[in-house]
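Worksheet for the structure shown next.
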2 protein chains.
Amino acid sequence: MGDTIQMSFIEIQPIAASLRDDAVIAETDTACSPPARRDAIGAEAADELARSLKALADPARLRLVSMVAAHVDAEACVCDLTEPLGLSQPTVSHHLKVLVEAGLLTRDKRGTWAYYRLVPGALDSLAALLAAV
Amino acid sequence: MGDTIQMSFIEIQPIAASLRDDAVIAETDTACSPPARRDAIGAEAADELARSLKALADPARLRLVSMVAAHVDAEACVCDLTEPLGLSQPTVSHHLKVLVEAGLLTRDKRGTWAYYRLVPGALDSLAALLAAV
DNA sequence: CCCATAAATTGACATCCATCGATGCATTCG
DNA sequence: CGAATGCATCGATGGATGTCAATTTATGGG
């Protein structure tokens, strides 16, 4: 099913366009500082971005993404990742699931093996959103 | 004290240069996939990056950073941030502390008020590191 | 068929974390 | 000096999270 790929990839894009949709300008113009210069990001946009960042805010998952990217064709199966990571197979599977659900990796099961691939542009989109906060 | 500023800013920079210092190439050349094309990031680099990302992987903290950036001179005091965020003052103080310790904000207490400011370049450095994973 | 292998799922456990109320600590003002 | 204000710290609590052993679910080979 390519559904997961499409859905999560589409999810990321609109954030950039609507980063400040539900933004709220600080109305409390007390004496301590001047009012806002521009809008801050909205609560919902912050929720979305935080959920994506949470997926990457883990050493094991960062290494997994990097290891997948380091492979030829940016593709790797679980058996290649478990040992160098030093974690148990269920734990690696768990982390990979989180990354897939976050729209950063895709899973492709061929025969006995499950191959994971980078979603092209996902990391760069996230980085761009981060820099635009 | 500008110590916090200097220390944490210096912390971020070397990561980019040593992203793959302690990297380990996947040696397990089993049948399921070809060997690595390049090194993945190292365990320590992943730890460092994950710690920085964790600081931002929270809706409240993302909004705080954005709200501080939205202010004139990119400066804001706690009293400006508490109400629009909808969180209690101790919670906001807690989040701000996390952001300062992560090297993203600086704290400057003037009189009764505490002014928070963006560390210039910190967000962009993080975004660059993220895209380079 | 039955066994071996790869990977996902489950259940359990320890730890971390976001949040709040209460309290403490400066600083300012009357 | 004493009251008030802004902010940090403390302690508690409910919920999320990383990890593993055990089990389950395919898939492939003899």
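The values are calculated or read from the model by the stated rules, or taken from the named source; none is laboratory data. These figures come from a predicted structure and were not determined experimentally. We place every Cβ from the backbone using ideal geometry, glycine too, and count neighbours over all the protein chains shown.
Odds and ends about this structure:
- Conditions (1) buried (at least 21 other Cβ atoms within 10 Å of the Cβ); (2) modelled with pLDDT of 95 or more: number failed by A:ALA114: (1)
- Within the range B:83-95, residues that are among the hydroxyl-bearing types (Ser, Thr, Tyr) sit with their Cβ atoms under 8 Å from residues that are near DNA strand C (Cβ under 6 Å from one of its atoms), at 6+ positions apart or across chains, in these pairs: B:THR91/B:ALA60.
- Test set (1) surrounded by fewer than 21 Cβ atoms within 10 Å (Cβ to Cβ); (2) more than 10 Å from chain A (Cβ to nearest Cβ) - B:LEU105 fails condition number: (1)
- Residue in the range A:51-59 that is over 13 Å from the mean Cα position of the chain (by Cα) and within 8 Å of chain B (Cβ to nearest Cβ) present: yes
- Qualifying residue in the range B:67-88 (condition: among the charged types (D, E, K, R) and under 30 Å from A:ALA69 (Cα atoms)): no
- Cβ separations smaller than 7 Å between residues 6+ apart or across chains give the following pairs from the range A:100-129 residues that are under 14 Å from A:VAL65 (Cα atoms) to residues that are among the small types (Gly, Ala, Ser) and surrounded by fewer than 18 Cβ atoms within 10 Å (Cβ to Cβ): A:ARG107/A:ALA114; A:ARG117/A:ALA74; A:LEU118/A:ALA74; A:LEU123/B:ALA131; A:ASP124/B:ALA131.
- Screening the range A:117-133 for residues that are under 19 Å from A:GLU101 (Cβ atoms) and at the interface with chain B (Cβ under 7 Å from one of its Cβ atoms) and picking the one that is surrounded by the most Cβ atoms within 10 Å (Cβ to Cβ) gives A:LEU126.
- Count of residues meeting criterion [among the hydrophobic types (A, V, I, L, M, F, W, C), facing another protein chain (nearest Cβ under 8 Å) and within 20 Å of the chain's Cα centre (by Cα)] in the range B:63-73: 4
Yes/no matrix, rows are residues, columns are (1) among the small types (Gly, Ala, Ser); (2) in contact with a strand residue (DSSP E or B) (Cβ under 7 Å, 6 or more places away or on another chain); (3) more than 16 Å from DNA strand C (Cβ to nearest atom):
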| residue | (1), (2), (3) |
| --- | --- |
| B:GLU83 | no, no, no |
| B:SER88 | yes, no, no |
| B:VAL100 | no, yes, no |
| B:ASP108 | no, yes, no |
| B:ALA122 | yes, no, yes |
| B:LEU129 | no, no, yes |
| B:VAL133 | no, no, yes |
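- Any hit, the range A:37-44, residues being out of contact with any His (no Cβ under 9 Å at 6 or more places or on another chain) and either in a helix (DSSP H, G or I) or within 16 Å of DNA strand D (Cβ to nearest atom) (or both): yes
- Search result, residues across the range B:83-99 that are loosely packed, with under 13 Cβ neighbours inside 10 Å and within 12 Å of another protein chain (Cβ to nearest Cβ): B:GLY86
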